[in-house]
Each structure stands twice: as C-alpha cells, then as structure tokens.
Amino acid sequence: MKQLMQVADAYMKRMTLWDMGLLKICMCAIGVLLGTLASFREKKVVRTVAGLIFVATYVPVMVRFVLILGEELSRRRC
C-alpha cells in the first residue's frame, strides 16, 4: 500500500491541469451514476452524505488555494 501511495504522489506531481480536469469529470460522472442507483427513499440520505463530503473536501482545498494565492500575489508584488 505504501508503494501505491508513493506512485500516486509521483503521478500527481506530473499531472497537468488537463489531467486534473479529466479526473474531476470522471469522479463527477461516477458520483452521478452512483446517485442514480439509489432508490427514491435513499435519495435524501445520499444527498445529505454527498453534501457533507463536498463540504468536508471543498473547504480544505479552497483554504489551501487561497493561502497559496496570497503567497503568489505577495511574491509577485515584491
């Protein structure tokens, strides 16, 4: 498992913006597919879990992005 994580880290370092976009579209598509498999009664639970996962992952990503953005903008001004 440790080797798999090392390979994943190496791949991520080589990813381009295009690769990242394709990965995001792929993950969105699988999410939609999984969401359509839920029965009508389960849809509320699926939506709640998906919303919580979205917030739990989006907030840290955006916090890091804003911090890096601030660093880059301050570096370019100097």
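The values are calculated or read from the model by the stated rules, or taken from the named source; none is laboratory data. In this text the structure is predicted, and so the values were computed from the model without any measurement. For neighbour counting, all protein chains shown are included, and Cβ atoms are generated from backbone atoms with ideal geometry for every residue, glycine included. Note: accessible area is taken over every heavy atom of the protein model, side chains too, but ligands, DNA and RNA are not part of it. Shrake-Rupley method; radii C 1.70, N 1.55, O 1.52, S 1.80 Å.
Annotations for the structure displayed:
- Inside segment 11-62, residues that are in a loop (DSSP other than H, G, I, E, B) and loosely packed, with under 11 Cβ neighbours inside 10 Å make up a count of 4.
- Within segment 1-10, being open to solvent by 100 Å² or more (accessible area, probe 1.4 Å) and either in a helix (DSSP H, G or I) or under 21 Å from A50 (Cβ atoms) (or both) holds for K2, Q3, L4, M5, Q6.
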